[in-house]
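Trainee: Sharing a structure here in structure tokens format.
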Amino acid sequence: MGRDAEKQAGDFSFPSMRSGYEVSYSFTAQGPVGVVKETTLADLLQRYADILWEEGHHKYNVKAFIGELDEILFGARFSIFSQDMLDSLIGALRKRGNSNATINRKMAALSKLLRKAYNMGDIHSLPEFRRQKERAGRLRFLEADEEEALFREIGNRSQLYVQLSIFLVDTGARLGEAIALKWNDVHQGRATFWVTKSGRSRTVPLTMRAKEALEALADRSPGPFAAIDQQKYRAVWNAAKVDAGLGDEADIVPHVLRHTCASRLVRGGIDLRRVQMWLGHQTLEMTMRYAHLASHDLDMCVPVLERHLK
């Protein structure tokens, strides 16, 4: 074979055949091999959703997020997810009125999916994901009288649901974590949550009220709250919220019980590092949302400021 023929039989890399995408071909004497197959976000979601996310409300949201992003891209096929594609998605979401916090949640789902696809060889590069700066909004939690009114209305509808509500507010557990709890996870006055958002288990001691809530459900198997349907619980919650006089507050959703638990710990003088461990936050930054409630730490400043008066 001559030198020219050898060149023709060698490997060649062709430029992009479509704007915005790069498709590489390798050639041998027998023809093209290793042709990169293009894919879509919808294809990747169908392939990896069950591997990456547990069944539940979060997985439902993730599917909605990825579906929206695929729709914005008009179902575009790609082998490289470029920075331009990512930037265009963020711009489109912002035009749709998405807050930076909402954009961050959608980008977190996209990043996890693309990282899996990259590791499996479905795509050949990843863009750089930058977290959008979020404005600190008002953090809603329940005062004692609000909790009493709300739980009374929930109890009028379902004793099972009010026991769950008590358990949530006294442990700070997420709704999915409590529902996934098994009796083997409760031992010597402590509850261990294995199915968590961060993927890291944590164990918290139980209040007397939380212990009584579990004891009232001792005949249920395989766990105290395993039979609860999240959507039905939310429906009862919303109806009870209206009757408790809290119907106008959009922030009062079941997750407010987790905020309430955290706020009570911080206001009671528990340091933020312990609150982080209790809630299972991956970083202290997430727990810092509650730092403004630790007003007791500033009380020592007042005598210093008043010294000049004496």
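Trainee: Being out of contact with any helix residue (DSSP H, G or I) (no Cβ under 8 Å at 6 or more places or on another chain) and either under 21 Å from GLU249 (Cα atoms) or modelled with pLDDT under 95 (or both) is the filter here; which residues of region 143-174 pass it?
Mentor: Let us first name the residues in region 143-174 that are out of contact with any helix residue (DSSP H, G or I) (no Cβ under 8 Å at 6 or more places or on another chain), namely 143-146, 148-149, 152, 159-160.
The answer is GLU143, ALA144, ASP145, GLU146, GLU148, ALA149, ARG152.
Trainee: Given the conditions (1) at pLDDT 95 or above; (2) within 26 Å of ILE179 (Cα to Cα); (3) not hydroxyl-bearing (Ser, Thr, Tyr), which single one is not true for LEU44?
Mentor: (2)
Trainee: OK, next. Applying the selection to region 278-299, what residues are surrounded by 17 or more Cβ atoms within 10 Å (Cβ to Cβ), among the hydroxyl-bearing types (Ser, Thr, Tyr) and either farther than 22 Å from THR207 by Cα or free of Cβ contacts under 8 Å to residues at least 40 places away in the same chain (or both)?
Mentor: Residue satisfying the conditions is THR287 alone.
Trainee: Which one of these is modelled with pLDDT of 90 or more, of a type in the set (Lys, Arg) and in a loop (DSSP other than H, G, I, E, B): ARG140, ARG130? Steps first, please.
Mentor: On the way: ARG140 fails: modelled with pLDDT of 90 or more.
One residue alone meets the criteria, ARG130.
Trainee: Mind checking which residues of region 61-87 are exposed (fewer than 14 other Cβ atoms within 10 Å of the Cβ) and part of a helix (DSSP H, G or I)?
Mentor: Residues satisfying the conditions are ALA64, GLY67, GLU71, GLN83, ASP84, ASP87.
Here's the yes/no breakdown for (1) over 22 Å from LYS197 (Cβ atoms); (2) basic (Lys, Arg):
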{"residue": "ASP84", "(1), (2)": "yes, no"}
{"residue": "ARG96", "(1), (2)": "yes, yes"}
{"residue": "ASN100", "(1), (2)": "no, no"}
{"residue": "ILE103", "(1), (2)": "no, no"}
{"residue": "ALA108", "(1), (2)": "no, no"}
{"residue": "ARG115", "(1), (2)": "no, yes"}
{"residue": "HIS124", "(1), (2)": "yes, no"}
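Trainee: Collect the residues in region 229-283 that are on the phi > 0 side of the Ramachandran plot and in contact with a helix residue (DSSP H, G or I) (Cβ under 8 Å, 6 or more places away or on another chain), keeping them in residue-number order. Write out each step before concluding.
Mentor: In the first step, residues of region 229-283 are kept if they are on the phi > 0 side of the Ramachandran plot; the result is 245, 269, 280.
GLY245, GLY269, listed by residue number.
Trainee: What number of residues within region 173-195 are within 19 Å of VAL256 (Cβ to Cβ) and touching a strand residue (DSSP E or B) at 6+ places or on another chain (Cβ under 7 Å)? Before the answer, list the steps.
Mentor: Taking region 173-195 first, the residues within 19 Å of VAL256 (Cβ to Cβ) are 173-179, 193.
Filter once more, so that each one left must be touching a strand residue (DSSP E or B) at 6+ places or on another chain (Cβ under 7 Å): 173, 177, 193.
Final tally of qualifying residues: 3.
Trainee: Mind listing whichever residues of region 200-213 are of a type outside the set (Lys, Arg) and farther than 14 Å from MET277 by Cα?
Mentor: Of all residues in region 200-213, those of a type outside the set (Lys, Arg) come to 201, 203-208, 210, 212-213.
Selection gives LEU206, THR207, MET208, ALA210, GLU212, ALA213.
Trainee: For the condition farther than 26 Å from GLN132 by Cα, modelled with pLDDT of 50 or more and either over 20 Å from the mean Cα position of the chain (by Cα) or aliphatic (A, V, I, L, M) (or both), what is the one hit in ILE90, ILE66, ILE51?
Mentor: On the way: ILE90 fails: farther than 26 Å from GLN132 by Cα; ILE66 fails: farther than 26 Å from GLN132 by Cα.
Answer to the selection: ILE51.
Trainee: Return the residues of region 88-117 that are part of a helix (DSSP H, G or I) and over 18 Å from VAL62 (Cβ atoms); say none if nothing qualifies. Quick ask: steps written out before the conclusion?
Mentor: Here is the first cut: in region 88-117, the ones part of a helix (DSSP H, G or I) are 88-95, 100-117.
The answer is SER88, GLY91, ALA92, ARG94, LYS95, ASN100.
Trainee: Looking at region 69-87, which of the residues that are hydrophobic (A, V, I, L, M, F, W, C) and under 25 Å from the mean Cα position of the chain (by Cα) is farthest from MET120 (Cα to Cα)?
Mentor: ILE72
Residues are listed down the side, and each one gets a yes or a no for (1) without any contact (Cβ under 8 Å) to a residue 40 or more places away in the chain; (2) of a type in the set (Val, Ile, Thr); (3) in the same structural domain as THR196 (by TED's automatic domain parsing); (4) on the phi > 0 side of the Ramachandran plot:
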{"site": "LEU52", "(1), (2), (3), (4)": "no, no, no, no"}
{"site": "LEU69", "(1), (2), (3), (4)": "no, no, no, no"}
{"site": "GLY75", "(1), (2), (3), (4)": "yes, no, no, yes"}
{"site": "PHE78", "(1), (2), (3), (4)": "no, no, no, no"}
{"site": "GLY91", "(1), (2), (3), (4)": "yes, no, no, no"}
{"site": "ARG94", "(1), (2), (3), (4)": "yes, no, no, no"}
{"site": "ASN98", "(1), (2), (3), (4)": "yes, no, no, no"}
{"site": "ASN104", "(1), (2), (3), (4)": "yes, no, no, no"}
{"site": "ALA109", "(1), (2), (3), (4)": "no, no, no, no"}
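The values are calculated or read from the model by the stated rules, or taken from the named source; none is laboratory data. What you see is a predicted model, and the numbers here were worked out from it, not measured in a lab. Cβ coordinates were reconstructed from backbone atoms using ideal geometry, including for glycine residues, and neighbour counts include every protein chain displayed.
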